[in-house]
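Take a look at the structure below.
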Amino acid sequence: MRKSNQTYPARIVNRIFYIRMHKVMFDFDLAEMYGVETRVLKQAVKRNSDRFPKDFMFTLTKKEWMEVITDCDNLVRQKYSPSLPMVFTEQGVSMLSSVLKSKQALKVNVAIIRAFVQMRYLLDGNKELARKVNDLEKKYDGQFKFVFEAIKKLIHQKLEPRERIGFKKDIL
């Protein structure tokens, strides 16, 4: 597991990505946390494919994978992997604990589920903050109306030639 000053849940949250409108975790990150090789995790999932419907786990397309690698500098080491990564939603991560039966898998699973819940809580808090900002904009829009009008006048002002300001050189 990577050494870091961050708490365990914070390290997990940093490994959660948004792909296809889902919060997901990559197979290689999960394998590292569970203490197994990525290929072992993938084999376990393939052997139990009936437990992983498309809303629990899916494999990225080549195009999606290239976009993710381009956007995320910390995934460059995975760029040349011979196979496309699987990604797991919160439900897929929960299902992994039934496939990978070890004490470490159970502990990690609990931590991951807590991280997903924490993210959900933070996102809900941001929605409330956005609503409050919108309310404030509506409330104070009238008070700043004269500022907006002055800015609009400056934007639409005609450019007329003006007298030069500064020292004039006398020509002898």
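The values are calculated or read from the model by the stated rules, or taken from the named source; none is laboratory data. These figures come from a predicted structure and were not determined experimentally. Positions of Cβ are backbone-derived with ideal geometry, glycine not excepted, and every protein chain shown enters the neighbour counts.
The figures follow:
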{"item": "Complete set of residues in region 10-26 that are touching a residue at least 24 places away in the same chain (Cβ under 8 Å) and assigned to a strand (DSSP E or B)", "result": "I16, F17, I19, H22, K23, V24, M25, F26"}
{"item": "Unique residue being touching a residue at least 60 places away in the same chain (Cβ under 8 Å), within 21 Å of I12 (Cα to Cα) and not β-branched (V, I, T) when the list is M33, M57", "result": "M33"}
{"item": "Out of V76, V87, sole residue that is at pLDDT 75 or above and under 18 Å from the mean Cα position of the chain (by Cα)", "result": "V87"}
{"item": "Residue list for region 11-37, filter: within 16 Å of Q104 (Cα to Cα) and touching an Asp or Glu at 6+ places or on another chain (Cβ under 7 Å)", "result": "A31"}
{"item": "Subset of region 39-54 (residues that are closer than 19 Å to K79 by Cβ and without any contact (Cβ under 8 Å) to a residue 40 or more places away in the chain)", "result": "R39"}
{"item": "Options D29, D50; residue that is over 23 Å from R120 (Cβ atoms) and either among the polar types (S, T, N, Q) or not in a loop (DSSP other than H, G, I, E, B) (or both)", "result": "D50"}
{"item": "Subset of region 53-82 that is charged (D, E, K, R) and in a helix (DSSP H, G or I) - its residue that is farthest from R20 (Cα to Cα)", "result": "R77"}
